[in-house]
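*Asks:* The structure follows.
Bear in mind that the values in this text are calculations on the coordinates, not laboratory data. From a predicted model like this one, the values you see are computed outputs, not experimental measurements. Note that each Cβ is placed from the backbone with ideal geometry, even for glycine, and that neighbours are counted across all protein chains shown.
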Amino acid sequence: MPSTDTTKQYEAAKAQYAAHGIDVDAALKKLSEIKISMHCWQGDDVRGFMNRDQDLTGGIAVTGNYPGAARTPDELRADLEKAFSLIPGKHKVNLHAIYADTDEKVDLDAIEPRHYERWVEWAKAQGLGLDFNPTCFSHENSKDGFTLSHADPKIRDFWIEHCKRSRRVGAYFGEQLGQTCVTNVWVPDGFKDNPVDRLAPRRRLKDALDEVFAEELNPAHNLDAVESKVFGLGAEAYTVGSHEFYMGYGLQNNKLICLDAGHFHPTEVISGKLSSLSLFAEGMLLHVSRPVRWDSDHVVILDDELYEIGKELVRGDLLGKTHIGLDFFDASINRVAAWVIGTRNTIKALLQALLEPTDLLRKAELEGDYTSRLALTEEFKTYPFGAIWDYYCESQGVPVRERWLEEVKAYERDVLAARA
C-alpha cells in the first residue's frame with residue numbers, strides 16, 4: 001500500500017485534476033488494464049537459442065558489450081522476472097521463434113508448440129501473456145537478404161512453412177494463456193542497390209503471405225500482424241515490404257498493421273498515422289522504439305513522440321484496437337535496466353494522456369477557442385503528474401522513481417556479474 005506521504009501528495013494532486021473534471025482513480029484503473037508487450041530480445045542481443053552461432057542478418061545490428069547478457073532460456077526468464085518486478089501492472093512478453101526452449105535439434109520450418117511449452121508454463125505462473133514473431137533472419141536461408149519474396153521457390157517455401165508454424169505456436173499461446181497472442185510477420189527482404197524489377201518480389205511476397213495466412217485460426221487465440229520497413233542495412237535502395245505494401249495487404253486481408261517508430265523516414269512519426277489508419281484497419285500493432293538518425297532502436301525515453309503516441313491513443317479512444325509492443329536492443333547498458341526504463345516510460349506517457357482534460361480541450365476546439373486549447377494544453381504539462389505516478393507505482397508494489405535502479409544494480413552485482 002502507498003505510504004502516508006505518497007497518499008497525501010496523491011490526494012492533493014487528484015484535487016487539482018478533478019477541478020477540470022478528470023477522474024484520477026478511473027484513469028489509474030484504466031491504465032492498470034493496458035498490457036505492454038515487452039520484447040525478449042533486449043535481454044540477449046537478439047541471439048536466441050536455436051542458432052546462437054549464426055551471425056545476425058536482416059539489417060539487425062546490436063552495439064555494445066555490457067556484461068550479463070542472458071545465455072539460456074532460464075537466465076532470460078529470470079531477467080524478465082526482475083524487470084517485471086520493477087514495472088507496474090501485468091503485461092506480456094514478445095518472443096521470436098529463435099527463442100524456443102527445447103532439448104530437441106529443430107529448424108525453423110519444423111517448430112511446434114511443444115518447443116515453447118516451458119515458456120507457456122512460466123507465463124502461466126507469472127500471470128503474463130505471450131506474443132510471437134517468426135524469425136526470418138539470421139539463418140542460412142536468409143543470408144542473401146530474401147525470405148518470403150525469394151526467387152527460389154525452395155527457399156521461399158522454407159519461410160512459408162516457418163511462418164505457418166509460427167501462427168500455430170501463437171494460437172497455442174493464446175489458447176493456453178487465455179490472452180490473445182499477436183503473431184507479427186516482418187521480413188528483411190530487399191536490395192542494396194536499385195532494382196530493375198520492383199513488382200515481382202512484391203508479387204511473390206503477396207502470394208507467400210496468402211499461403212501463410214490460408215489456415216483459419218481462432219481470432220480469440222491468435223491475431224496476425226504485418227510490419228513494414230522503409231529500408232535496412234543491405235536493403236538501402238529497396239524494401240519489398242514497404243509501408244504501402246503492408247498497409248494495402250493488411251486492409252485487404254483484415255490483418256493488424258504494425259507501425260514501428262523507426263521504420264519510416266526521419267521526418268515521419270507514427271503518432272500522426274494512428275487516427276487515419278484506425279478508420280480503416282482491423283486493428284493496429286505498435287512497436288514503440290526510439291530512432292536516432294534512423295532505425296537504430298534506442299531505449300524508449302519520455303520524449304515528445306512518446307507523449308504524442310499516448311495522446312493519440314487516448315484522445316481517439318484507440319486503446320481497444322491497438323496492441324502496444326516495444327522494440328529496442330541496446331547492449332551498451334544494463335539490459336534489465338533498458339527494459340525497465342523503456343516500459344515505465346511507455347506507461348508514463350499513457351498515464352499523462354489519461355490525465356489530460358480531453359473533453360474540455362475538444363470543446364474549446366469545436367468552439368474555435370484556440371487560445372484556451374493552447375493555454376490549457378501547455379499548463380497541464382506542469383500539473384503534478386509525478387505524485388499520481390508515484391502513488392500508482394506504490395499501489396502496484398513496485399519502487400517509486402529511481403529507487404528501482406538500486407535493485408537493478410544489486411541484481412547486476414549478485415547475478416549478472418557471474419555470467420561469463
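*Asks:* Would you mind checking the pairs LYS35/LYS381; LYS30/LYS90; LYS273/LYS363 and listing those with alpha carbons more than 18 angstrom apart?
*Replies:* Among LYS35/LYS381; LYS30/LYS90; LYS273/LYS363, the Cα-Cα distance tops 18 Å for LYS35/LYS381; LYS273/LYS363.
*Asks:* In addition: Can you sort MET284, MET1, MET247 by how many other beta carbons sit within 10 Å, fewest first?
*Replies:* The most exposed by this proxy come first: MET1, MET247, MET284.
*Asks:* Given THR322, ALA18, ILE98, which one lies farthest toward the positive end of the charge dipole of the chain, if we put +1 on the Cβ of every Lys and Arg and -1 on the Cβ of every Asp and Glu?
*Replies:* Checking the options against the dipole of the chain, the answer is ALA18.
*Asks:* If you don't mind, another one. Considering only DSSP beta bridges where both residues belong to region 34-349, give the percentage that are antiparallel (nearest 5).
*Replies:* 10 percent
*Asks:* Please report, in debye to the nearest 20, how large the charge dipole of region 2-89 is about its Cα centre when each Lys and Arg carries +1 at its beta carbon and each Asp and Glu carries -1 there.
*Replies:* 180 debye
*Asks:* Among ILE155, ILE257, ILE111, which one shows the biggest mean-square fluctuation in a GNM of the chain, springs joining Cα atoms closer than 10 Å?
*Replies:* So, out of ILE155, ILE257, ILE111, the one fluctuating most is ILE155.
*Asks:* With a cap of 15 neighbouring Cβ atoms within 10 Å, and only residues DSSP puts in a loop, list the GluC sites (Glu not before Pro) found in region 211-309.
*Replies:* GLU215, GLU216, GLU236, GLU268
*Asks:* How big is the gap, in Å, between the Cα center of region 27-66 and the Cα center of region 261-305?
*Replies:* That distance is 17 Å.
*Asks:* Further question: Among the trypsin sites (Lys or Arg not before Pro) in region 361-420, which ones are in a DSSP loop with at most 15 other Cβ atoms within 10 Å of the Cβ? Mind listing them?
*Replies:* Counting only loop positions with at most 15 other Cβ atoms within 10 Å, the trypsin sites (Lys or Arg not before Pro) in region 361-420 are ARG401, ARG419.
*Asks:* Could you please state, rounded to a whole Å, how far the C-alpha centre of region 357-371 is from the C-alpha centre of region 378-420?
*Replies:* Centre-to-centre distance over Cα atoms comes out at 35 Å.
*Asks:* While we're on this one: For region 190-206 and region 149-179, what is the centre-to-centre distance using only Cα atoms, to the nearest Å?
*Replies:* So the two Cα centres are separated by 22 Å.
*Asks:* Now, a different point. Work out how much length THR267 to ALA18 would gain on full extension: take 0.36 nm times their residue separation and subtract the Cα-Cα distance, in nm to one decimal.
*Replies:* Taking THR267 through ALA18 to full extension adds about 85.9 nm, to one decimal.
*Asks:* What does the extension gain come out to for ASP53 and ASN194, with contour length at 0.36 nm per residue minus their alpha carbon separation?
*Replies:* So the extension gain works out to 47.6 nm.
*Asks:* Related question: Between THR147, THR343, THR57, which gets the highest mean-square fluctuation from a Gaussian network model of the chain, Cα cutoff 10 Å?
*Replies:* Answer for the Gaussian network model of the chain: THR57.
*Asks:* Another question, if that's okay. Using the Cα centre as the reference, give the magnitude of the dipole from point charges on the C-beta atoms of region 34-349 (Lys, Arg: +1; Asp, Glu: -1; all else neutral), rounded to the nearest 20 debye.
*Replies:* Magnitude of the dipole: close to 600 debye.
*Asks:* Cα gyration tensor of region 192-283, axes a ≥ b ≥ c as square roots of the eigenvalues: rounded (a/c below 1.5), prolate (a/b > b/c) or oblate?
*Replies:* Oblate shape, in that a/c is at least 1.5 and b/c is the bigger or equal ratio.
*Asks:* Which longest run of the chain has no exposed loop site in it, a site being chymotrypsin sites (Phe, Trp or Tyr not before Pro) in a DSSP loop with at most 15 other beta carbons within 10 Å, and the site itself not part of the run?
*Replies:* Segment 1-279 is the longest.
*Asks:* Still on this structure, please answer the following. Region 364-400: which GluC sites (Glu not before Pro) are DSSP loop and have at most 11 other beta-carbon atoms within 10 angstrom?
*Replies:* GLU367
*Asks:* Counting other beta carbons within 10 Å of each residue's own, what order do ILE309, ILE324 fall into, fewest first?
*Replies:* ILE324, ILE309
*Asks:* Pick from ALA15, ALA235, ALA349 the residue whose mean-square fluctuation is largest in a GNM of the chain, springs joining Cα atoms under 10 Å.
*Replies:* Residue with maximal mean-square fluctuation among ALA15, ALA235, ALA349: ALA15.
*Asks:* Okay, moving on. Take every Cα pair under 8 Å in region 34-349 that's 6+ residues apart, average their separations, divide by the length, and report that relative contact order as a whole percent.
*Replies:* 20 percent
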